[in-house]
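The values are calculated or read from the model by the stated rules, or taken from the named source; none is laboratory data. None of these values were measured; they are calculated from a predicted model. Note that we place each Cβ from the backbone using ideal geometry, even for glycine, and neighbour counts take in every protein chain shown.
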Amino acid sequence: MTLVPVYRRRPSALHSARAGVSASFCCALALVGALYQHPLVLGAALAGTLLAAAGAGVGRETLRSLRLALPLALLVALVNPVVYQAGDTLLVRGGEALGRRWDITLEATVAGGLAGLRVMVLIVAFWLMSVAVDPDALLRVFRRVSYRSALTASLATRLVPVLARDASRMSDAARCRPVAPGRLAVTRSALAGSLDRAVDVAAALELRGYALAGRPARRRLPHSRQDLRVGACALSIALIAMAGRVAGAGEVDLYPRLELAAGVAEALLAGAIVALACAPFAGRGARMGVARD
Amino acid sequence: MTDRIVRADRFCFTYPEAPAPSLTDISFTLEPGSFTVLAGLSGSGKSTLLRALCGLVPHFHGGDASGDLQVAGMSVREHGPGELAAACGTVLQDPETQVVMGGVRAELELPLEHGGEPPGAVACAVEETALALGIAHLLDRRTDTLSGGELQRVALAAAMVRRPALLLLDEPTSQLDPVAGDELVWMLRRLNEEWGTAVVVAEHRTERCLPAADRVLALAGGELVCDAPPSDFLAWASASVPPLATPAARLFSLAGLSPPPATVREARAALRGASLAPSPARAEAAPRRRTRSDLAVRLRGVWVEIADGPVILRAVDLDLASGERVVLMGRNGAGKSTLLRVAKGLSEATRGRVERAGHVALLLQNPGDYLLHEHAEEEVGPGALLRAGLAGRGRSNPRDLSGGERQRLALEVVLSGSGSRAVLLDEPTRGMDRAYKEDLASRCRDLASGGAAVVVATHDTEFAAGFADRVVLLAGGAPVADASPTEVLGGGWHFSTDVARITDGAALTPEAGAGLLRARLEEGVL
């Protein structure tokens, strides 16, 4: 199951900072993807996320997210110009079919590409969060907000590796049969088995006192050096992204005619995002002792 | 307050839509700080009783309960598992589903947070419990990177972290090798003695737990049929339900000696006292190696190395001849399962050569993975159903069959089709009672006498002694012993049968040991 992001402890600033801070850092990078359409800014956010992943020692795991993000981005990029006809610059005159015109415009094509890039930024940023932020610690943060929802999420998180192992075992068992069974039979049996597994894990949760659980007590821990570094960068990325948006930096007008702002502001914004994404991992203070599973 | 940690009075329970009750008129009491073993054949109601004690029955599973069952003064019919969790910690059979969180530390913190403990108390209790159970080095590990034995310990720690007065364990040693199983039982004994925790353990292999126990409750068909100290239980089991007796007790019973010993130490002392201690074993000659034409599977210089990971198999050379009955033994992680997978062709060797003379059948650890259809008769034909002992059960859903029945059906599934030159079984005795193991040994002997090489990977030394004509002991991914059962199991400590320990390796099984003792008696030693 290479498409399931798995968290492992590593000696990096992102792993060492408290979960809420590290998650905020990833969310700040995702926020850039949500606020901007400008290719330079989106490219900076994507590059910044991948560089941060490399700095955190999870570059290879985060690159794996592109196996999911790229096809999805490509799909968005291809579908948008086909279904959206707006734009003055005609690239392909497609004629009329099914009661509508099928023209392809430059503006719709670029809009599709930018939407695809946005999708990639969001997926890669949240993937980084999945591989670099301890899910247990993150769920503990959420348990103070919504206890039962967070525990249900814990249960679902725990079931993912269990079910992945079940699926792998069932596939091996199918290979051991003299006549290979149909995929439908294996899938149906795997689904029935996953229900049994879910019941077993839910029973274990009951035995840990889940039914009577309340909101956990707040933990007051002093902020570590890594909390401050990562938190400051997360806050800076979020503030710069919002300020830039309010100031009109990185404006993109797609329709009816493509207009991209390309000035100093965009270059500064992109540079700042990349620099801040890398900042937690720069310098001697970022080096950590080795902590491995 | 109550002076009994458990008080059952005519407690009955029936699962939803079940035709008959799973527990009937159960009445007993347990003292605080006691160590109790729950014995019984498969389907006798042991797991259901444990689930009732922790409140999963009836609150989680549904069904009808009557009578009274109180744990720490709380009626399980009125208080659910969440409330009972304060007084009782529970570890069910499959450790993989007993762990809820992604990290070990979070797993131990969860019950305390549910109990509303402040952060300081949580941190302190986690450290204390981890140190007490010897898992401090695992605290920062992810749960999906732990072995079965490690998961078992973590689940036990999560059950113990609130210092419950009662600890319930369902087949805790079934997935562990003899070394890890012994360690777990010693740990339970320590918890029982030092913390005063009352322990209730459901086990098929009672010989592991009986030395620590002060009480045995035996169930049959959902009824409590024996409630006695270990020695009285063994006397009862030897006379009434021999499969429940320990090998040492069966040895004494077959030799006509009494009382049955509860431990190996007692048995040795009794034999010494009666001047019946047999002479130490003379090693048997190793089984004859077959010619190349007899070979069913041949492995030459087989390595399995994980990229950036450990070496699983190291230069393994192994010949499996037609008709041989081979048992593969070794600690968890020694490479037994991988060896079987490579022999079948399910996993590729990174180096080396595997030759197969024909079809190789492999039954993996979870028989349920082979059963894909709604009805047993859709899995195999009528003849195979008969061989699986399921004649007349063709319309049953495989999920409704017992563990042993599922195992037998899955074995017929992998054997269907053309004749197999080798039949490989991975841990088929896990969680099975002695009666089932004897059935399995008999089916495997039939396969071997039909010309197949039969290889069973197991931790069960008693099964190995009764079934095998050759034992291969793996350690660190390579065979470290490959000889007759007497040579391998007769002189070992962990990888040895109880009877071998009692007789200094002169016999491995109760039947063989009893023969020796009877001969000594006839010689007029007494």
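Hey, among B:Asp9, B:Asp3, which residue is touching a Pro at 6+ places or on another chain (Cβ under 8 Å) and more than 26 Å from A:Leu205 (Cα to Cα)?
One residue alone meets the criteria, B:Asp3.
Looking at (1) touching a Ser or Thr at 6+ places or on another chain (Cβ under 8 Å); (2) within 7 Å of another protein chain (Cβ to nearest Cβ); (3) of a type in the set (D, E, K, R), which is the only condition B:Glu107 fails?
Going through (1) touching a Ser or Thr at 6+ places or on another chain (Cβ under 8 Å); (2) within 7 Å of another protein chain (Cβ to nearest Cβ); (3) of a type in the set (D, E, K, R) one by one, B:Glu107 breaks only (2).
Tell me which residues, restricted to the stretch A:103-155, are touching a Leu at 6+ places or on another chain (Cβ under 7 Å), within 14 Å of chain B (Cβ to nearest Cβ) and among the small types (Gly, Ala, Ser).
Passing the criteria: A:Ala132, A:Ala150, A:Ala153, A:Ser154.
Exactly one of (1) crowded, with 18+ Cβ neighbours inside 10 Å; (2) at pLDDT 80 or above; (3) out of contact with any Leu (no Cβ under 9 Å at 6 or more places or on another chain) is unmet by A:Leu184. Its number?
Here A:Leu184 clears every test but (1).
Out of the residues in the stretch B:86-98 that are among the β-branched types (Val, Ile, Thr) and within 16 Å of B:Arg162 (Cβ to Cβ), state the one that is nearest to the chain's Cα centre (by Cα).
That would be B:Val91.
Can you tell which of B:Ala202, B:Ala249, B:Ala213, B:Ala218 is touching a Pro at 6+ places or on another chain (Cβ under 8 Å) and within 24 Å of B:Gly89 (Cα to Cα)?
Only one candidate qualifies: B:Ala213.
Go over the candidates A:Gly87, A:Gly57, A:Gly95 one by one and state the one that is at positive phi and surrounded by fewer than 16 Cβ atoms within 10 Å (Cβ to Cβ).
The unique qualifying residue is A:Gly95.
Being assigned to a helix (DSSP H, G or I) and at the interface with chain B (Cβ under 8 Å from one of its Cβ atoms) narrows it down to one residue among A:Arg175, A:Arg220, A:Arg229; which is it?
A:Arg175
Consider only pairs whose beta carbons are under 8 Å apart and that are at least six residues apart or on different chains; among these, list those whose first residue lies in the stretch A:159-187 and is over 21 Å from A:Ala202 (Cβ atoms) and whose second residue is of a type in the set (Phe, Trp, Tyr).
A:Ala173/B:Tyr370; A:Cys176/B:Tyr370; A:Arg177/B:Tyr370
Which of the following residues is within 30 Å of A:Val58 (Cβ to Cβ) and not acidic (Asp, Glu): A:Val186, A:Val274, A:Val199, A:Val179?
A:Val274
Table: residues versus (1) surrounded by fewer than 23 Cβ atoms within 10 Å (Cβ to Cβ); (2) of a type in the set (Gly, Ala, Ser); (3) within 13 Å of chain A (Cβ to nearest Cβ).
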site: B:Asn397; (1), (2), (3): yes, no, yes
site: B:Leu415; (1), (2), (3): yes, no, yes
site: B:Pro428; (1), (2), (3): no, no, no
site: B:Ala452; (1), (2), (3): no, yes, no
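Wholly within the stretch B:61-176, which helices (runs of 4 or more DSSP H) include no fewer than the required count, namely at least 3 residues that are at pLDDT 90 or above, in the same structural domain as B:Gly33 (by TED's automatic domain parsing) and out of contact with any Phe, Trp or Tyr (no Cβ under 9 Å at 6 or more places or on another chain)? Full working, then the answer.
Values: elements: B:81-84, B:104-114, B:119-132, B:148-160.
Where helices (runs of 4 or more DSSP H) fall fully within the stretch B:61-176 and carry at least 3 residues being at pLDDT 90 or above, in the same structural domain as B:Gly33 (by TED's automatic domain parsing) and out of contact with any Phe, Trp or Tyr (no Cβ under 9 Å at 6 or more places or on another chain), they are B:104-114, B:119-132, B:148-160.
Restricting to the stretch A:178-189, count the residues that are more than 9 Å from chain B (Cβ to nearest Cβ) and either of a type in the set (S, T, N, Q) or assigned to a helix (DSSP H, G or I) (or both).
Here the count works out to 3.
Within the stretch A:221-248, can you find the residues that are in the same structural domain as A:Gln37 (by TED's automatic domain parsing), among the hydrophobic types (A, V, I, L, M, F, W, C) and surrounded by fewer than 11 Cβ atoms within 10 Å (Cβ to Cβ)?
If the condition is that a residue be in the same structural domain as A:Gln37 (by TED's automatic domain parsing), among the hydrophobic types (A, V, I, L, M, F, W, C) and surrounded by fewer than 11 Cβ atoms within 10 Å (Cβ to Cβ), then A:Val246 is the only one that fits.
Residues B:Leu411, B:Leu424, B:Leu440, B:Leu447: which one is in a strand (DSSP E or B), of a type outside the set (Gly, Ala, Ser) and touching a strand residue (DSSP E or B) at 6+ places or on another chain (Cβ under 9 Å)?
Just a single option satisfies the conditions, and that option is B:Leu424.
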